[in-house]
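Student: Here's a structure for you.
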Amino acid sequence: MRPRLFGIAASVAAFGLLGSLITACGSSGSDGTTLRLVVPEYGDNPANGSKAYWDKLTAAFTAAHPGKKVEVTIYPWADVDREVTRMVQADDAPDVALMGAYSDFAAQGRLYAASDLLPIRAEANFLPPLAEAGSIDDTLYGLPFVASSRLLFYNEELFDKAGAKPPKTWSDLKDAAKALKKDGVPYPYALPLGPEEAHAEALIWELSNGGGYTDGSGGYSIASRQNAETFSWIKDNLVTPGLTGPTPPAALNRQDAFTAFLRGDVGMVNGYPSLLNEARAKGMKVGTLTMPVSDTLSEGITPPSVGVADWMMAFKHDGNRELVGSFVNFVYEDKNLSAFAERYHLLPSTVTATQATATDPGAEQFLTALRTAQLYPVNDPSWLQVSNIIKRNIGKAVAPTADPKTVLEDIAQEARGVTQRQ
């Protein structure tokens, strides 16, 4: 999975490479003294680019490990998964990579298990939902780095002006959206089903009706009855009446929806911690809620929130295990992990690092949601390709002339083709 929850993709030219430039390196990987690290850009402008963090961290690491070097390459989020995959296919994998998926590399036997690198106490320190998502057959390969959960944000001033009430159910959400539209709000409910991150918005809605991407056995259930009902409801009750704004959902990307929210043009949108921080920094009054549930969902059932994590993985090369282990342990020290999470207003992935974060009232509600959240099926090696299929096509399910069930069945069929080729 590439859970693009974080930041606007910046170009390599804008933020450059960290440390010394990457030198040619063959399939043997690290020589035991130089570690090659590939990471994505989390910042949305040069002032908060990721370079400053990695510069400081790698300088501290090399100072503590004389004779060792770390060469870091930063790619935009839109490119990092593809670039690491290209390196692996060229038998030139980095020593460590941070990206949105890991399981396809684990399935190829290319990754160290966490137990190869971390002491037992450090491995047990990851938050349980994240550790579960990072594991295949009870072995942890994807080390969760930073995470977030999703809550429904609503603009309190727009709600007060329109006389709308914070929603608890889908029908409540529709009523609030109608009131907001009547009061002239451009996007009563922003529905970002564009290709940037449509799979996140889709899963939020699916879970709120008892559905999701997988069934109880772990197989894909993209075209389930609950999911088809969900997209039919969205189409008939929000999109067709014009309650999702002037941009068709299939063309509305997450960042565009967030930008419109910060402009005051959106009544409701699903968001994560960094958006809340930005909104409050602008002086906006923002309320947060768990996602409203389907009116047909059995009483007493509380669906999980959506959780998303980014994954650090260590590639096996002759002679690199000791250096990789030292570096990974350094990265996951509380002060280093917390510094990154705080820089981008995200959630650290370990129990001890979250203890300090929990003192922030804004973060606590997201941490609470994350503890019981459902993550994407990132431990399925097919997920990276399946998620791309969903992102490209799920917005079609709410198009004016579409039959949502048919669209979901087409997506499911394409996903089956991927899994059969694995």
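The values are calculated or read from the model by the stated rules, or taken from the named source; none is laboratory data. What you are looking at is a predicted structure, and each value in this text was computed from that prediction instead of being measured. Virtual Cβ from ideal backbone geometry, glycine too; neighbours counted across all protein chains shown. Only protein heavy atoms, including side chains, enter the accessible area calculation; ligands, DNA and RNA are left aside. Shrake-Rupley method; radii C 1.70, N 1.55, O 1.52, S 1.80 Å.
Student: Would you mind computing Rg(Cα) / (2.2 N^0.38 Å) for the chain, counting N as its residues?
Tutor: Values: Rg = 21.5 Å, N = 422, 2.2 N^0.38 = 21.9 Å.
So the Cα radius of gyration is 0.98 times the expected 2.2 N^0.38 Å.
Student: Helix 321-331 versus the longest principal axis of the chain: what angle, 0 to 90°, nearest 10, using Cα atoms?
Tutor: Compared with the principal axis, the helix lies near 50 degrees.
Student: Go through 203, 144, 126 and say which Cα lies farthest out towards the positive end of the charge dipole of segment 94-244; charges sit on Cβ, +1 for Lys and Arg, -1 for Asp and Glu.
Tutor: 203
Student: Still on this structure, I have one more. Per residue, how many Å² of accessible area does segment 190-249 show with a 1.4 Å probe? Please report the intermediate quantities before stating the final value.
Tutor: On the way: 1780 Å² over 60 residues.
For segment 190-249, the per-residue accessible area is 30 Å².
Student: Quote the FRET efficiency, to the nearest 0.05, computed for residue 157 versus residue 342 with a Förster distance R0 of 22 Å and r equal to the Cβ-Cβ distance.
Tutor: The pair residue 157/residue 342 has a calculated efficiency of 0.20.
Student: At 1.4 Å probe size, with every protein chain present, just tell me what the per residue accessible area of segment 46-154 comes to in Å². Show your work: numbers first, answer last.
Tutor: Working: 4230 Å² over 109 residues.
Using a 1.4 Å probe on heavy atoms only, each residue of segment 46-154 averages 39 Å².
Student: Return the ratio Rg/(2.2 N^0.38 Å) for segment 301-422, where Rg is computed over Cα atoms only.
Tutor: Numbers: Rg = 19.4 Å, N = 122, 2.2 N^0.38 = 13.7 Å.
Segment 301-422 yields a ratio of 1.42.
Student: Of 165/285; 168/405; 51/282, which ones are farther than 24 Å apart at the Cα? Can you show the working numbers first?
Tutor: Values: 165/285 15 Å; 168/405 26 Å; 51/282 26 Å.
Those over the limit are 168/405; 51/282.
Student: Under the definition of Cα pairs under 8 Å and six or more residues apart, what whole-number percent is the relative contact order of the chain? Provide the component values of the computation, followed by the final result.
Tutor: Working: 800 pairs, mean separation 107.0, N = 422.
Normalised by residue count, the contact order of the chain is 25 percent.
Student: What distance in nm separates the simple spin-label points at residue 64 and residue 409, each placed 7 Å from Cα in the Cβ direction?
Tutor: Reported label-point gap for residue 64 and residue 409 is 5.7 nm.
Student: Which ³J(HN,Hα) values, rounded to whole Hz and listed in residue order, are derived for segment 146-162 from phi using the Karplus coefficients 6.51, -1.76 and 1.60 in 6.51 cos²θ - 1.76 cosθ + 1.60 with θ = phi - 60°, glycine and proline given as x?
Tutor: Listing the rounded values in order: 10, 9, 7, 10, 10, 10, 7, 9, 9, 7, 5, 5, 5, 5, 4, 5, 8 Hz.
Student: Shifting gears a bit: Which percent of Cα-Cα pairs in segment 360-422 sits in each 5 Å bin, short to long?
Tutor: Binned Cα distances yield the sequence 4, 15, 18, 14, 14, 13, 12, 7, 3, 0.
Student: Subtracting the Cα-Cα distance from 0.36 nm times the residue separation, let me have the gained length for residue 371 to residue 277 in nm, one decimal. Write out the running numbers ahead of the final one.
Tutor: Working: separation 94, 0.36 × 94 = 33.84 nm, distance 2.06 nm.
Here the answer is 31.8 nm.
Student: Just to be sure I understand the model, the point goes 7 Å from the Cα along the line to the Cβ. What's the resulting residue 256 to residue 296 distance in nm?
Tutor: The two pseudo-label positions are separated by 3.1 nm.
Student: For segment 351-357, what does the Karplus curve 6.51 cos²θ - 1.76 cosθ + 1.60, with θ = phi - 60°, yield as ³J(HN,Hα) per residue in whole Hz, taken in order and with x for Gly and Pro?
Tutor: Coupling constants for segment 351-357: 4, 5, 6, 6, 4, 6, 5 Hz.
Student: Relative to 2.2 N^0.38 Å, what does the C-alpha radius of gyration of segment 320-378 come to as a ratio? Two decimals please.
Tutor: Working: Rg = 13.3 Å, N = 59, 2.2 N^0.38 = 10.4 Å.
For segment 320-378, the normalised Cα radius of gyration comes out at 1.29.
Student: Any chance you could run the full-extension gain for residue 48 through residue 351? It's 0.36 nm times the residue separation minus the Cα-Cα distance, nm to one decimal. Please list the in-between numbers first.
Tutor: Details: separation 303, 0.36 × 303 = 109.08 nm, distance 2.59 nm.
Answer, rounded to one decimal: 106.5 nm.
Student: Quick one: 3J(HN,Hα) in Hz for segment 101-110, Karplus 6.51/-1.76/1.60 with θ = phi - 60°, rounded, Gly and Pro as x.
Tutor: Karplus values, whole Hz, x for Gly and Pro: 8, 9, 5, 5, 6, 5, 5, 7, x, 8.
Student: Quick one: which residues, 5+ away or cross-chain, put their amide H under 5 Å from the amide H of residue 34? H built at 1.01 Å from N.
Tutor: Placed amide hydrogens put 69 under 5 Å from residue 34.
Student: Can I ask one more? How do 73, 33 stack up against each other in accessible area, from largest to smallest, with a 1.4 angstrom probe? Please report the intermediate quantities before stating the final value.
Tutor: Numbers: 73 15, 33 55 Å².
From most exposed to least exposed: 33, 73.
Student: While we're looking at this one, here's another question. What accessible area per residue, rounded to a whole number of Å², is obtained for segment 263-415 using a probe radius of 1.4 Å? Mind dumping the intermediate values first?
Tutor: On the way: 6310 Å² over 153 residues.
Normalised by residue count, the accessible surface of segment 263-415 is 41 Å².
Student: While we're looking at this one, here's another question. Tell me, what is the FRET efficiency for residue 92 and residue 329 to the nearest 0.05, using R0 = 25 angstrom and their Cβ-Cβ distance as r? Each step should come with its number before you reach the end.
Tutor: On the way: r = 25 Å, r/R0 = 1.00.
After rounding, the FRET efficiency stands at 0.50.
Student: Shape of segment 254-317 from its Cα gyration tensor (a ≥ b ≥ c, root eigenvalues): rounded if a/c is under 1.5, otherwise prolate when a/b > b/c, or oblate?
Tutor: Cα axes put segment 254-317 in the oblate bin.
Student: Compute the long axis of helix 361-371 from its Cα atoms, compare it with the longest principal axis of the Cα atoms of the chain, and write down the angle in degrees, 0 to 90, nearest 10.
Tutor: 80
Student: On the accessible surface of the chain, probed at 1.4 Å, how many percent belong to carbon and sulfur atoms? Intermediate values should be presented prior to the final figure.
Tutor: Details: 8480 of 16860 Å².
Here carbon and sulfur together make up 50 percent of the probe-accessible area.
Student: Using only the alpha-carbon atoms, what does segment 170-213 span along each of its principal axes? Please give whole angstrom values in decreasing order.
Tutor: 36, 24, 6
Student: Under the rule of -39500 (n - 2.57) per DSSP H run of 4 or more residues, summed and divided by the residues of the chain, what mean residue ellipticity at 222 nm is obtained, to the nearest 500 deg cm²/dmol?
Tutor: On the way: 19 runs with 177 residues, N = 422.
Computed mean residue ellipticity for the chain: -12000 deg cm²/dmol.
Student: State the Cα centre-to-centre distance between segment 35-63 and segment 367-396 in whole Å.
Tutor: The distance from the Cα centre of segment 35-63 to that of segment 367-396 comes to 27 Å.
Student: On a 0 to 90° scale, report how tilted helix 198-207 is relative to the longest principal axis of the chain, with both axes built from alpha carbons and the result rounded to the nearest 10.
Tutor: The answer is roughly 60 degrees.
Student: For a test of the definition: using alpha carbon positions, the gyration tensor, and the 1.5 limit on a/c, classify segment 219-291 as rounded, prolate or oblate. Please report the intermediate quantities before stating the final value.
Tutor: Values: a/c = 2.38, a/b = 1.71, b/c = 1.39.
Prolate.
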